[in-house]
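Working notes, beginning with the structure itself.
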Amino acid sequence: MTIDWELAASSFWPMLEGAIKGTIPLTLASFSIGLAIALVVALMRISSNRVLAGLARAYVSVIRGTPLLVQLFVIFFGLPSIGVNIDPWPSAIIAFSLNVGGYAAEVIRAAILSVPKGQWEAGYTIGMSQTQTLRRIILPQAARVSVPPLSNTFISLVKDSSLASLILVTEMFRVAQQISASSFEFMALYLQAAAMYWVICLLLSMVQVRLERRLDRYVAK
């Protein structure tokens, strides 16, 4: 097998552009919306209201029990059959956001429950309401605990964003598919795409390590 290095070099910039204009914005938008969903679902999960807690459990169960690819296809290909048509980009963002929300909700819930109950009592003692205690005392501590697993979720989402190519979203892997389809250099282009995903995830892992070290400074030893 021979690799066309000239083709690989000429395709680098189009693929990088696909990452900058497609993969990264798609990941950031989906993760941001997913985190908002996750926070709401996590608070519902720990709520004393059985209806809210039950709805949250059902949502998490469905998201975690079905493949992301199926969720993506249901939104893009399934909804039009009942009259709901959504363009590729919004479909990808909706699917990825809902998926992140289901997984991150359990991370946030576990982080909140890991905060000692005495912290709640301390908030009540100084006259804070439950909402104020949650916002000012509990969530900041839970955020530090949840950084590592949420960072892993973000890195996984970078890789999962390649699935958006299946619904014609132009991101990095979609660009690699288009170039390989015209040149028939599938191995070279797909290996290059894999290398670029690896570099992006490696850089994000380095940021994660630095962030964790920074947060550790505020932990009593």
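The values are calculated or read from the model by the stated rules, or taken from the named source; none is laboratory data. Note that this is a predicted model, so its numbers are computed, not measured. Reconstructed Cβ throughout: ideal geometry from the backbone, glycine too, with neighbour counts over all protein chains shown.
Could you tell me whether ALA104 is surrounded by fewer than 20 Cβ atoms within 10 Å (Cβ to Cβ), within 30 Å of ARG210 (Cα to Cα) and among the aliphatic types (A, V, I, L, M)?
No.
Listed by first and then second residue, the pairs linking a residue in the stretch 143-170 that is free of Cβ contacts under 8 Å to residues at least 60 places away in the same chain and within 25 Å of VAL115 (Cβ to Cβ) to a residue that is surrounded by fewer than 19 Cβ atoms within 10 Å (Cβ to Cβ) and of a type in the set (S, T, N, Q), with Cβ atoms under 6 Å apart and 6 or more places separating them unless they lie on different chains, are VAL145/SER114. Do the conditions hold for PHE76, that is, is it assigned to a helix (DSSP H, G or I), touching a Pro at 6+ places or on another chain (Cβ under 8 Å) and not hydroxyl-bearing (Ser, Thr, Tyr)? Here the answer is yes, as PHE76 does meet what is asked. Taken residue by residue, the stretch 96-108 has no member that is at pLDDT below 90 and assigned to a helix (DSSP H, G or I). Per the conditions (1) among the basic types (Lys, Arg); (2) more than 30 Å from SER114 (Cα to Cα); (3) exposed (fewer than 12 other Cβ atoms within 10 Å of the Cβ), the sole criterion not satisfied by ARG50 is (2).
When each of THR66, THR27 is tested for being loosely packed, with under 14 Cβ neighbours inside 10 Å, among the polar types (S, T, N, Q) and under 28 Å from TRP89 (Cβ atoms), the lone residue that passes is THR66. Taking the stated definitions as given, is LEU134 among the hydrophobic types (A, V, I, L, M, F, W, C) and out of contact with any helix residue (DSSP H, G or I) (no Cβ under 7 Å at 6 or more places or on another chain)? Judged against the criteria, LEU134 is a match. Restricting LEU69, LEU79 to residues that are farther than 30 Å from ALA142 by Cα and in contact (Cβ under 8 Å) with a residue 24 or more places away in the chain narrows the list to LEU69.
The numbered conditions (1) without any contact (Cβ under 8 Å) to a residue 12 or more places away in the chain; (2) part of a helix (DSSP H, G or I); (3) more than 21 Å from the chain's Cα centre (by Cα) are all true for SER47 except (2).
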